[in-house]
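Engineer: This structure is in structure tokens; I'll ask about it shortly.
The values are calculated or read from the model by the stated rules, or taken from the named source; none is laboratory data. Please read all numbers here as calculations on a predicted model, not as lab measurements. Glycine also receives a Cβ, built like all others from the backbone with ideal geometry; neighbour counts cover every protein chain displayed.
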Amino acid sequence: MKTDLDKIVVIRVDTDTRLGLSRLRRMIRLAHVFRENNFTPFILSRYNEIASCKLKSEKLLHNFCTMPGSSEKDVIDFYCDNYPDPILWIIDNPFTPPDIINYIKKKNIPVVCFDNWTGGLASDLTFNQLSGWNTKPIHEQVVTDAQYLITATKRCEHNIVPKISNPTRIGVYFGSADTAGDTFYAAIMLNKIVQIEVDFFFGPYFFYQPRFNNMVDTLSYPFRTNCFEDGCEDKLAECDVIICGGGQQFVEVCSLGPAVLAMTGEKNERRMVEDVEAAGGCLYVGDPRNEIYSAKVESFINELTVDPAQFVPMRESACRFFTRDGAERCFEKINGILK
């Protein structure tokens, strides 16, 4: 039986070993902005225990399609058969094809996509800030401007001179799943650097935990492991330096406060990192599966230890690049197609 809800905005997002948690985190941030503006956000997902715990803690309306082997159309029909018609359908899944978007639009529901690599042009509005980083939009309904990037992390103070730990504390975070195993390349590279201690941050979907456990005896520095869950970003923010990949995780860690060293070989991600580096907001340190610029990393850490104050502008630049109002900007843009 359908229930009575008002001004419903369906937010369709999954979290799993392929997609990780970043998309869910940014959609939760956007959902809160919709709720603050008197809409009813409703997060729709395939069942996942981690996502379930996260959504319950956020006190957002949500439900899960639990049908085994369900197709995307099954998920859509699951909602439409049980809940009132929404005024908008938001999709944050990079693999949603045009026929699925058109299936929703045939129900007279506008569709907005985030970083859709396959079907974004079929939607009424697409935010391709990550997959189309600051490129010229290929269509008028595609947004690629960096000011629309959504950050889900807390804002840290950037205008204070950091007190560098002794030894230098380095955080390593490559997302919730790290399906490419970049954590290992960073861990091995750090063996070349002295007077450091390392915090590894693994998400709940980390592919290679057994492999990591087998390599710990080869590490020459003291280290800790942390599960990246709620509150863990506070631990990341306490690091002097964060080594990360590109994409959404890069956006998140740049907003935390520590100096950021990013390594990625993916074309769009590298373009983003290099643009931020050119603006003084981070340091690009290579492709983990090709060549990591270990000498560049070592030099940076040594300079940071000697004169921490010189890297305050780096932190401030990263903060300016990734503003905290991306979710609000997205809301205003989306609200424009509803009027």
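Engineer: Restricting the search to segment 53-72, which residues are under 23 Å from LYS7 (Cα atoms) and out of contact with any helix residue (DSSP H, G or I) (no Cβ under 6 Å at 6 or more places or on another chain)?
Structural biologist: LEU55, LYS56, SER57, LYS59, LEU61, ASN63, PHE64
Engineer: Looking at ILE91, is it under 27 Å from THR151 (Cα atoms) and at pLDDT 80 or above?
Structural biologist: Yes; evaluated as a whole, the condition is true for this residue.
Engineer: Wholly within segment 288-339, which helices (runs of 4 or more DSSP H) include no fewer than the required count, namely at least 1 residues that are over 26 Å from the mean Cα position of the chain (by Cα)?
Structural biologist: It comes to 294-306, 326-338.
Engineer: Of the conditions (1) closer than 19 Å to GLN129 by Cβ; (2) in contact (Cβ under 8 Å) with a residue 40 or more places away in the chain; (3) touching a Cys at 6+ places or on another chain (Cβ under 9 Å); (4) hydrophobic (A, V, I, L, M, F, W, C), MET263 fails just one. Which one is it?
Structural biologist: Every listed condition holds for MET263 apart from (1).
Engineer: Could you grab me the full set of residues in segment 39-86 that are at pLDDT below 90, farther than 19 Å from ILE8 by Cβ and acidic (Asp, Glu)?
Structural biologist: Within segment 39-86, GLU49 is the sole residue that qualifies.
Engineer: Within segment 18-72, work out how many residues are of a type in the set (D, E, K, R), part of a helix (DSSP H, G or I) and under 21 Å from VAL251 (Cβ atoms).
Structural biologist: Within segment 18-72, residues that are of a type in the set (D, E, K, R), part of a helix (DSSP H, G or I) and under 21 Å from VAL251 (Cβ atoms) number 6.
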